1. Could you say whether any residue in the range 49-63 is open to solvent by 50 Å² or more (accessible area, probe 1.4 Å), aromatic (Phe, Trp, Tyr) and either at pLDDT 80 or above or under 28 Å from LEU13 (Cα atoms) (or both)?
2. Is there a residue being at pLDDT below 75 and hydrophobic (A, V, I, L, M, F, W, C) anywhere in the range 153-164?
3. Tally time: how many residues in the range 94-122 are assigned to a helix (DSSP H, G or I) and either β-branched (Val, Ile, Thr) or open to solvent by 40 Å² or more (accessible area, probe 1.4 Å) (or both)?
4. When you check GLY174 against the structure, is it surrounded by 15 or more Cβ atoms within 10 Å (Cβ to Cβ) and over 18 Å from GLY15 (Cβ atoms), yes or no?
5. Out of ALA153, ALA129, I need the residue that is open to solvent by less than 70 Å² (accessible area, probe 1.4 Å) and more than 23 Å from TRP60 (Cβ to Cβ). Which one?
6. Of all residues in the range 109-145, how many are hydrophobic (A, V, I, L, M, F, W, C) and at pLDDT 85 or above?
7. Looking only at residues in the range 1-58 that are among the aliphatic types (A, V, I, L, M) and in a loop (DSSP other than H, G, I, E, B), which one is farthest from the chain's Cα centre (by Cα)?
Amino acid sequence: MEWSFLFFLNSALLGVGLAMDAFSVSMANGLHDPGMSRKRMCIIAGTFGVFQAVMPMTGWVCVHTIVEMFSSFETFIPWIALALLGYIGGKMLIEGIRGEEAAALSAGALFMQGVATSIDALSVGFTIAEYGWLMALTASGIIAVVTFFLCMAGLRIGKEFGTKLSGKASVLGGVILIGIGLEIFISGVFF
């Protein structure tokens with residue numbers, strides 16, 4: 001592929017498609033912590049953006065170096081996403097049911113969410129394998145920017161509803177995370 005409007009459009013659309021899980025998780029995070037600061041929102045959205053950029057580049061590198069090893073790892077992606085999102089969502093769900101005060105999202109939980117929502121983007125490295133390294137890096141950067149803005153929107157939406165739902169927001173956020181994990185698992189294993 002060459003540098004063209006179509007390249008940038010494809011990269012942006014790829015970013016939207018890849019960011020949907022991160023957008024949903026961002027909404028759940030906003031529900032979980034409706035008083036979240038703007039700085040914290042930028043950190044969360046930035047984390048998702050970085051993961052969404054790193055994973056396709058990692059896949060691109062794998063295609064150009066160790067293809068056989070990556071293709072055997074690909075079968076574990078749905079299981080990993082289910083485990084990570086199920087754990088985080090289950091924890092939020094239990095806190096909400098018990099009526100415990102919502103704890104701030106820890107760095108470890110944010111890291112797990114970043115991995116879980118972007119691990120499927122590894123396979124995007126196969127779709128951009130024909131790109132040179134600069135085009136692949138540019139596409140990954142576009143994906144990161146799109147993800148950042150979609151996650152900021154998800155956090156704002158979640159915060160708005162989290163304020164209105166008060167105590168039930170953690171339950172809803174936990175259910176959303178578990179649902180996303182199940183969706184990634186089912187579509188990855190059965191389809």
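1. No: zero hits.
2. No, the conditions are met nowhere in the range 153-164.
3. Residues flagged as assigned to a helix (DSSP H, G or I) and either β-branched (Val, Ile, Thr) or open to solvent by 40 Å² or more (accessible area, probe 1.4 Å) (or both) within the range 94-122 amount to 11.
4. yes
5. After applying the criteria, what remains is ALA153.
6. Pass one, the range 109-145, residues hydrophobic (A, V, I, L, M, F, W, C): 109-112, 115-116, 119, 121-122, 124, 126, 128-129, 133-137, 139, 142-145.
Filter once more, so that each one left must be at pLDDT 85 or above: 109-112, 115-116, 133-137, 139, 142-145.
So the count comes out to 16.
7. MET1
Listed here are the residues, each with its yes/no results for (1) more than 18 Å from GLY181 (Cβ to Cβ); (2) open to solvent by less than 40 Å² (accessible area, probe 1.4 Å); (3) in contact (Cβ under 8 Å) with a residue 60 or more places away in the chain.
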| site | (1), (2), (3) |
| --- | --- |
| PHE7 | yes, yes, yes |
| CYS42 | yes, no, yes |
| GLY46 | yes, yes, yes |
| PHE76 | no, no, no |
| ALA81 | no, yes, yes |
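The values are calculated or read from the model by the stated rules, or taken from the named source; none is laboratory data. Please read these numbers as outputs of a predicted model, since none were measured by experiment. We place every Cβ from the backbone using ideal geometry, glycine too, and count neighbours over all the protein chains shown. Side chains included, ligands, DNA and RNA excluded: accessible areas come from the protein's heavy atoms. Shrake-Rupley method; radii C 1.70, N 1.55, O 1.52, S 1.80 Å.
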